[in-house]
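Engineer: The structure is given below, and queries will be raised subsequently.
The values are calculated or read from the model by the stated rules, or taken from the named source; none is laboratory data. These numbers come from a predicted model, not from an experiment. All Cβ positions, glycine included, derive from the backbone under ideal geometry; neighbour counts span all protein chains shown. The area values use the complete protein model at the heavy-atom level, side chains included, leaving out ligands, DNA and RNA. Shrake-Rupley method; radii C 1.70, N 1.55, O 1.52, S 1.80 Å.
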Amino acid sequence: MTDMATLRAQAAAARSADSSTTTAAVPLDRPESPEVRFTSQLRAKKVLRDDMEWYEVEGYASAFEQGYEMWDMFGPYTEIVSKGAADETLAGDPEVVFRFNHGGTPMASTRNGRLMLWADEAGLGQRAWLNPKRADVQLLVQAIEDADVREQSFMFRITSGQWSPDYTEYRINSFDLERGDVGPVTYGANPHTSVSARSGEFLRAIDKMPPLVAREAYERLAQRSDLTLLRQQPAAPTPAPVPAPAALADQGRSISMMRTRLLAALDED
């Protein structure tokens with residue numbers, strides 16, 4: 001079984017052979033707008049704003065200078081969001097919505113003034129004011145208070161990035177939040193959408209696959225034209241088993257008995 005360090009080295013070598021430069025907008029086959037998740041200290045409290053009560057939910061949608069694992073078409077690598085990567089997009093006042101699990105009806109947005117975004121030393125921060133009369137907002141706030149929801153995520157588009165010289169690390173220098181979203185996500189949910197990004201998940205599941213599924217996967221891989229499968233060498237002949245000492249003794253007695261009977265038959269003649 002190939003260990004992760006070897007997979008990373010092989011993937012890096014393949015990227016190096018495929019690329020003429022370490023500057024690339026997006027790694028090959030990486031989701032264009034992935035959701036990247038970070039553990040975040042989420043806080044929810046009731047506040048008075050514009051003479052109305054709102055639930056104020058605050059946290060960090062991303063962390064700068066902290067590596068996380070991603071996969072492209074070649075294999076695993078470490079991705080890092082650089083400090084300052086959000087400066088340009090925030091200066092452009094992007095339209096962003098606040099949603100739970102990147103789905104459902106938006107609960108707040110930058111357009112209605114109930115979603116605030118900023119960047120500091122720690123990462124991309126967000127503060128949203130949610131309508132407490134909404135049932136989905138009530139459920140989300142309760143989940144945050146019960147610590148059932150502990151992660152934040154944001155969806156973005158990479159506009160500038162660069163590989164390290166050894167192609168093991170990709171650094172996002174700039175990203176675009178326009179028409180993206182931020183918000184809490186359920187812990188443990190799958191954070192990526194492309195087949196390449198899920199490759200690590202597939203590899204970790206191989207040992208636990210049911211035999212029928214594993215056999216089907218093996219047969220399908222054998223049909224791929226881009227894979228060089230090792231031909232099975234003809235099996236070496238199995239050596240004859242060495243008789244046990246007791247078996248040898250019995251064999252010796254049988255030969256002696258046959259010799260005695262043969263000599264007796266000759267005497268009779």
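Engineer: Among (1) touching a Gly at 6+ places or on another chain (Cβ under 7 Å); (2) in a loop (DSSP other than H, G, I, E, B), where does Pro165 come up short?
Structural biologist: Condition not satisfied by Pro165: (1).
Engineer: Being surrounded by 11 or more Cβ atoms within 10 Å (Cβ to Cβ) and at pLDDT 75 or above is the filter here; which residues of segment 206-233 pass it?
Structural biologist: Ile206, Ala214, Arg215, Ala217
Engineer: Among the residues of segment 44-75, write down those that are part of a strand (DSSP E or B), among the hydrophobic types (A, V, I, L, M, F, W, C) and open to solvent by less than 40 Å² (accessible area, probe 1.4 Å). Working first, answer last.
Structural biologist: As a first pass, look at segment 44-75 and keep what is part of a strand (DSSP E or B): 44-49, 52-63, 68-71.
When the remaining residues are screened for being among the hydrophobic types (A, V, I, L, M, F, W, C), the result is 44, 47-48, 52, 54, 57, 61, 63, 70-71.
The answer is Ala44, Val47, Trp54, Val57, Ala61, Ala63, Met70, Trp71.
Engineer: Moving to a separate point now. Looking only at residues that are among the charged types (D, E, K, R) and surrounded by fewer than 14 Cβ atoms within 10 Å (Cβ to Cβ) in segment 20-43, which one is modelled with the lowest pLDDT?
Structural biologist: Checking each candidate, the answer is Glu32.
So that you can scan it fast, the table gives a plain yes or no per residue for (1) touching a residue at least 60 places away in the same chain (Cβ under 8 Å); (2) closer than 12 Å to Val57 by Cα; (3) open to solvent by 10 Å² or more (accessible area, probe 1.4 Å):
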site: Asn131; (1), (2), (3): yes, yes, yes
site: Val137; (1), (2), (3): yes, yes, no
site: Glu145; (1), (2), (3): yes, yes, yes
site: Asp148; (1), (2), (3): no, no, yes
site: Asp166; (1), (2), (3): yes, no, yes
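Engineer: Select, from Arg179, Arg111, the only residue that is of a type in the set (Lys, Arg), open to solvent by 60 Å² or more (accessible area, probe 1.4 Å), modelled with pLDDT of 95 or more and farther than 17 Å from Tyr55 by Cα.
Structural biologist: The unique qualifying residue is Arg111.
Engineer: I've got another one for you. What do you reckon, is Ala17 outside any loop (DSSP other than H, G, I, E, B) and either surrounded by fewer than 16 Cβ atoms within 10 Å (Cβ to Cβ) or modelled with pLDDT under 75 (or both)?
Structural biologist: Yes, satisfied.
Engineer: Take segment 43-76 and flag every residue that is under 30 Å from Ala17 (Cβ atoms) and aliphatic (A, V, I, L, M).
Structural biologist: Hits for segment 43-76 are Met70, Met73.
Engineer: If you go through segment 144-170, how many residues are touching a strand residue (DSSP E or B) at 6+ places or on another chain (Cβ under 8 Å) and either modelled with pLDDT of 95 or more or more than 13 Å from Val26 (Cβ to Cβ) (or both)?
Structural biologist: 13
Engineer: Would you point out the residue of segment 44-61, among those that are under 16 Å from Gln126 (Cα atoms) and touching a Lys or Arg at 6+ places or on another chain (Cβ under 9 Å), that is modelled with the lowest pLDDT?
Structural biologist: The qualifying residue modelled with the lowest pLDDT is Gly59.
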